[in-house]
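Here's the structure, in C-alpha cells; my notes come after.
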C-alpha cells in the first residue's frame, strides 16, 4: 500500500480521444506532482500543486491539462495527444513542497497513443 | 539548469559481491534522495540525505553525500537477488531533478 493510488493502470487511446488520469493520496499531504517517465530518459516533472494551487508548469504542452480539486485528488486531462506522449505517468505527493521529506509515488498509468 | 548524472546506467553483478553506484550533480544542493523502482512498480524512497557528510544505512545498502564534490554514492554490500531493481538519485533545488537511473541485476 503506497498511499498514492493511480487509475487506470493502463490506457490505450487514439490521438483524437480525450481521457483523464486520476491520482488519489491518503497521506494527508499538501503537495502533489505529475511526472512523465519515458524509456531511456530521466523522470520529467510536469506539474506541481501545493495546497491545491498550481505552483509549477514545467513547459508542458497544453494538450496536458492538470486539475486539483482538493488536496487529496489530482487529475491529468489528456486531449489530442501525440505518439511521443506514450510513457508512464507517475503521480507523487509530499507533506509540503519543501519539507525535506521524500515524495511518495503511485504505481503509474502506462499510456499508449495509437 | 541542474544536471544529475548516474553511473553506471546498467550493472550486472554476482550475488555476494560489493559495488557502488555514483550520482554526480551540478549544483550546490544539500538535499539528495535515493529511490528504488521495480519493474511495473512505483518508486520507493530509500534514503534522504540532507547535509554534507550524511551517511545512511539500511540492510545491505548505504548511501552517502559529499556536497563539496557534488557526489552521492549508493554502496551495495554482499548483493542478493532481491536487490535487483532500478535505482534513482534525485537532487532537490527548486524542484526534484532525477538521474537517468541505474538498472541493477544480481546474478545468482
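The values are calculated or read from the model by the stated rules, or taken from the named source; none is laboratory data. Nothing here was measured: the structure is a model prediction, and the numbers come from that model. So basically every Cβ, Gly included, is an ideal-geometry build from the backbone, and we count neighbours across all protein chains shown.
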*Considering residues of region B:33-43 that are more than 8 Å from chain A (Cβ to nearest Cβ) and surrounded by 15 or more Cβ atoms within 10 Å (Cβ to Cβ) only, the residue nearest to residue A:9 (Cα to Cα)*: B:37
*Hits in region B:57-94 - residues which are within 14 Å of chain A (Cβ to nearest Cβ) and assigned to a loop (DSSP other than H, G, I, E, B)*: B:93, B:94
*All but one of (1) within 14 Å of another protein chain (Cβ to nearest Cβ); (2) modelled with pLDDT of 95 or more; (3) surrounded by fewer than 15 Cβ atoms within 10 Å (Cβ to Cβ) hold for residue A:110; which doesn't?*
(3)
_Of the conditions (1) in contact with a strand residue (DSSP E or B) (Cβ under 7 Å, 6 or more places away or on another chain); (2) within 14 Å of another protein chain (Cβ to nearest Cβ); (3) over 20 Å from residue A:90 (Cβ atoms), residue B:30 satisfies every one except a single condition; which number is it?_
(1)
*Flag if residue B:55 is free of Cβ contacts under 8 Å to residues at least 12 places away in the same chain and within 13 Å of the chain's Cα centre (by Cα)*: yes
*Tell me, which residue of region B:1-32 that is outside any strand (DSSP E or B) and loosely packed, with under 12 Cβ neighbours inside 10 Å is nearest to the chain's Cα centre (by Cα)?*
B:18
*Kindly check whether there is at least one residue in region B:95-108 that is assigned to a loop (DSSP other than H, G, I, E, B), away from every other protein chain (no Cβ under 14 Å) and touching a helix residue (DSSP H, G or I) at 6+ places or on another chain (Cβ under 9 Å).*
yes
*Residues that are within 26 Å of residue B:89 (Cβ to Cβ), within 11 Å of chain B (Cβ to nearest Cβ) and touching a strand residue (DSSP E or B) at 6+ places or on another chain (Cβ under 8 Å): find the strands (runs of 3 or more DSSP E) completely inside region A:1-106 holding 2 or more of those.*
A:4-7, A:31-37, A:44-50, A:53-57, A:87-94
